[in-house]
Every structure is written in C-alpha cells, then in structure tokens.
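A short write-up of the structure that comes next.
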Amino acid sequence: MGNDSCAEIICNGEKLVLSSLKAAYWPSEKTLIIADLHLGKSAYFRNKGIAIPSTVMINDLHRLSKLIENFEANEIIVVGDMFHHNFNSDVSLFEEWRQQYQTIKIRLVPGNHDKLLQIDYEKLNISITKEKYVCGPLSFEHEPKQVFSEEFVISGHVHPGYLMQGKARQAMRLPCFIQSETLLVLPAFSEFTGLFTNHERSGTKNYFVVGGNAIFCF
C-alpha cells in the first residue's frame, strides 16, 4: 500500500483491512467497501454559483483507483450515497473513469440520496441491491442501526469523525471508522463532506482515526 497505512480487524469471523484511504478491504472476497462518495456534489454547488473545484471529485476517483490497484480488488460495494445529484459534469467524469475499470463489479446498496435520483445505473454498469444486502457473514445497510442479532452490519451515512484535542485548546476533527461488536461505520469516502463528531463514545467501541496517510486506533 505504499505510504498508506492499514489496520486489520475481525468482523463476524471475517478479516477486514481498514485503509487510511477511507475504505475497507475484504480479502476473502477481494472486495473494497466504501460509503458516501456523493458523486456530482461539487458540480451541483458550482451550478449554484459556489466555487467548488472539480479537482475534489477527481482526487476522490484517483484515491479509488489507487485502492483498486493496490489491493487488486475484483469488486466494490458502495454502502449508500454513491451519487449526490442527477447527471452533471461530475457524473460525466465518473462515467469516463468507469470505462477504465469495466471488469470491476460495482454493487450499490442504495442510500437516502440514491433513492431520489434519476441515474442510469445500467449504463454505468452498477448493480443495485436491496436496501439491506447480505453477503456471507456480513450485511450492508446505508444507515447504521442498532443490531440485536448475530449478524454484523457495515454502514455509512453519518460521516463519522473524531475530535482530537490538545493541551493548549487545539482541536482537530478527523474522519474515522467506528467498530462495535455488531457494527462497522465507514467514514465518508468523499473529501467534500462534513464530519459528525457527537457520536456516543464508548469503551466497547474502537475508533480508527485517519490522519494523513496514517490510521490510529483509540
């Protein structure tokens, strides 16, 4: 993975590799797992007169390419909110990017944004699952919910962040993965998202915080 660090965790008996590039990799299935790409968001804001550079999404796609190539993934599971808005210039860029990876299967577990959009998923070679997608011992659902069974769920949606506080009142908010006994919440893959840091802290949860090319467990 070059200079990008990783952390290994076990979820319902399956090994997952958490990457500082804000994705999880499932080695036994050769599958990348990401959430909240929000493709089309920067172009939507530009169309509204807000100067968001197109390089935001280009950088996200470059990071996704790096993950595919470094892990040699065969499949990508997107746990919701792959798209932010209907077809625009950002989505056109994604369509061009997709041509480079036609052999990579992409499954989209629909999120709250995806359900409202008029996107031609078939043209983009994207398979849409049900709102809850089960693959072996793991389940995928966009919005994290309390799990009371033996299943293990991987979610996104909340854009989790971790507030790092220093001694001299310095504070920094960083994206993170949150792991509990039955749930893994992924950080938002897109750089153009906010961070929610008011989640309940618990000693039964692990927080894998992404800072630059490093990943730290708290």
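The values are calculated or read from the model by the stated rules, or taken from the named source; none is laboratory data. Here the structure is a predicted model, which means the values were calculated and not measured. Backbone-built Cβ (ideal geometry, glycine too); neighbour counts: all protein chains shown.
Counting only strands (runs of 3 or more DSSP E) that sit wholly inside the range 4-91, those with at least 3 residues that are farther than 24 Å from residue 192 by Cα, modelled with pLDDT of 80 or more and out of contact with any helix residue (DSSP H, G or I) (no Cβ under 7 Å at 6 or more places or on another chain) are 6-11. Filtering the range 164-178 for residues that are on the phi < 0 side of the Ramachandran plot and in contact with a Cys (Cβ under 9 Å, 6 or more places away or on another chain) leaves an empty set. In this structure, is residue 121 modelled with pLDDT of 95 or more and either out of contact with any helix residue (DSSP H, G or I) (no Cβ under 6 Å at 6 or more places or on another chain) or closer than 21 Å to residue 188 by Cβ (or both)? Here the answer is no, as residue 121 does not meet what is asked. Screening the range 139-188 for strands (runs of 3 or more DSSP E) wholly inside it with 1 or more residues that are of a type in the set (D, E, K, R) and in contact (Cβ under 8 Å) with a residue 12 or more places away in the chain returns the ranges 171-179. Here's a check for you: in the range 198-211, which residue that is over 21 Å from residue 19 (Cβ atoms) and either among the basic types (Lys, Arg) or modelled with pLDDT of 80 or more (or both) is surrounded by the most Cβ atoms within 10 Å (Cβ to Cβ)? Going through the qualifying residues, I end up with 201.
Residue-level check: of (1) within 25 Å of residue 209 (Cβ to Cβ); (2) among the polar types (S, T, N, Q); (3) at pLDDT 85 or above; (4) touching a helix residue (DSSP H, G or I) at 6+ places or on another chain (Cβ under 9 Å), residue 193 misses just (3). Of all residues in the range 94-116 being surrounded by fewer than 18 Cβ atoms within 10 Å (Cβ to Cβ) and modelled with pLDDT under 90, which is nearest to the chain's Cα centre (by Cα)? Filtering the range 94-116 for residues that are surrounded by fewer than 18 Cβ atoms within 10 Å (Cβ to Cβ) and modelled with pLDDT under 90, the one nearest to the chain's Cα centre (by Cα) comes out as 112.
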